[in-house]
Amino acid sequence: MGRIAYVNGRFVPHGQASVHIEDRGYQLGDGVYEVWAIFSGKLADAEGHFARLERSLSELRIAMPMSRRALTLVLREAVRRNRVTEGLAYLQVTRGVAKRDHAFPNPPVPPSVVITVNRTDRAAADARAAAGVGVVTTPENRWGRCDIKTVNLLPNALAKQKAREAGAVEAWFVDDLGFVTEGASSNAWIVDRDGRLRTRDTNANILRGVTRNTLLEVIRGEGLDVDERPFTPDDALAAREAFITGAGSLVLPVVSVDGKPIANGVPGPVAMRLRRLYIDRAKETAI
Ligand code: PLP
């Protein structure tokens with residue numbers, strides 16, 4: 001059985017799935033998205049991703065296309081039809097199809113909804129975590145509302161390409177004051193030279209990562225100290241450990257910044273332990 005996508009109320013073969021050329025997501029980047037990790041066919045951190053979806057939509061004044069409950073059923077059905085047990089579910093909601101005009105269509109049109117599901121090779125992902133990954137740094141050049149998870153990802157795409165061309169896996173944006181904001185598709189963390197966990201606070205212009213948030217709960221539950229405050233690339237290079245978090249990367253150790261090793265250049269024990277704890281928690285609470 002081939003891959004199946006969901007497009008505006010219908011499950012269709014992936015190869016035939018399409019939206020109209022005047023969809024405002026395609027024309028103007030006028031839309032948002034969410035990504036859920038799938039464990040054993042279930043949606044991880046479901047509530048957090050739904051809450052952020054609703055917030056992103058409301059900030060852009062796009063209506064929620066259906067209830068949370070209905071969306072959960074559709075996402076699960078998409079996962080089931082694709083026979084994916086371990087993977088990622090992608091949901092995109094745009095303002096809909098309308099004659100091209102920057103201002104919103106009036107009266108409003110129905111939002112466009114697309115879902116795709118991809119399989120993850122967990123053994124390969126675990127091997128990558130065990131080896132650790134490199135990051136490169138790049139100047140922060142995104143807009144001022146990175147808290148909204150919009151489909152406008154051009155700076156992120158360019159940053160990720162820079163990483164790939166350098167043999168790295170992620171790019172960390174660095175703001176005008178020299179502090180890391182976040183990765184192109186992940187939040188950034190260090191275990192500083194004193195052994196304290198540190199990640200950028202969400203008053204900064206970053207995405208409020210759902211994985212970040214759950215991991216903060218896990219960390220506090222373990223009685224570990226964590227500071228939500230900025231760090232520089234040099235802080236990361238002087239740190240004991242670094243890692244990134246996201247629905248795709250889960251908790252992934254970082255072993256180099258711009259080609260220079262962090263500590264002895266291998267994943268640290270805290271990052272590896274947090275990866276295990278996060279995955280256990282995500283599996284337990286997946287729906
Ligand atoms: N920051 C950015 C820019 C992202 O695109 C993502 C995920 O796609 C994250 C952080 C991590 O967010 P989450 O943990 O909710 O997947």
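Looking at region 8-22, is at least one residue touching an Asp or Glu at 6+ places or on another chain (Cβ under 9 Å) and either closer than 30 Å to Asp280 by Cβ or surrounded by fewer than 20 Cβ atoms within 10 Å (Cβ to Cβ) (or both)? Spell out how you get there, then give the answer.
Taking region 8-22 first, the residues touching an Asp or Glu at 6+ places or on another chain (Cβ under 9 Å) are 11.
Now drop any that are not either closer than 30 Å to Asp280 by Cβ or surrounded by fewer than 20 Cβ atoms within 10 Å (Cβ to Cβ) (or both), which leaves 11.
Among the residues of region 8-22, at least one is touching an Asp or Glu at 6+ places or on another chain (Cβ under 9 Å) and either closer than 30 Å to Asp280 by Cβ or surrounded by fewer than 20 Cβ atoms within 10 Å (Cβ to Cβ) (or both), which makes the answer yes.
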Hits in region 20-61 - residues which are touching a residue at least 60 places away in the same chain (Cβ under 8 Å) and of a type in the set (S, T, N, Q): Gln27, Ser40, Ser56
Residue list for region 266-280, filter: more than 15 Å from Ala131 (Cα to Cα) and either touching a strand residue (DSSP E or B) at 6+ places or on another chain (Cβ under 7 Å) or part of a strand (DSSP E or B) (or both): Leu274, Tyr278, Ile279
Inter-residue pairs, beta-carbon under 6 Å, first modelled with pLDDT of 95 or more and in region 255-280, second aromatic (Phe, Trp, Tyr), 6+ apart: Ala271/Phe243
Elements of type strands (runs of 3 or more DSSP E) in region 1-95, at least 3 residues being away from the ligand (no atom under 16 Å from the Cβ): 4-7, 10-13
Qualifying residue in region 255-265 (condition: over 19 Å from Thr120 (Cβ atoms), part of a strand (DSSP E or B) and within 16 Å of the ligand (Cβ to nearest atom)): no
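Residue by residue, here is whether (1) without any contact (Cβ under 8 Å) to a residue 24 or more places away in the chain; (2) away from the ligand (no atom under 14 Å from the Cβ) holds:
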{"site": "Arg193", "(1), (2)": "no, yes"}
{"site": "Asn203", "(1), (2)": "yes, yes"}
{"site": "Leu216", "(1), (2)": "yes, no"}
{"site": "Gly221", "(1), (2)": "yes, yes"}
{"site": "Val226", "(1), (2)": "no, yes"}
{"site": "Arg229", "(1), (2)": "no, yes"}
Test: His102 is at pLDDT 95 or above and not in a helix (DSSP H, G or I): yes
Long-range neighbours under 8 Å by Cβ, at least six apart or interchain, first residue in contact (Cβ under 8 Å) with a residue 40 or more places away in the chain and closer than 21 Å to Asp176 by Cα within region 131-157, second of a type in the set (Ser, Thr, Tyr) and away from the ligand (no atom under 12 Å from the Cβ): Val135/Ser256
Cβ pairs under 6 Å, 6+ apart, first in region 165-191 and more than 14 Å from the ligand (Cβ to nearest atom), second polar (S, T, N, Q) and not in a strand (DSSP E or B): Gly178/Thr232; Phe179/Thr232
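The values are calculated or read from the model by the stated rules, or taken from the named source; none is laboratory data. Keep in mind that what you see is a predicted model, and the values were worked out from it rather than measured. With ideal geometry, Cβ positions are generated from the backbone for all residues, glycine too; neighbour counts draw on all protein chains shown.
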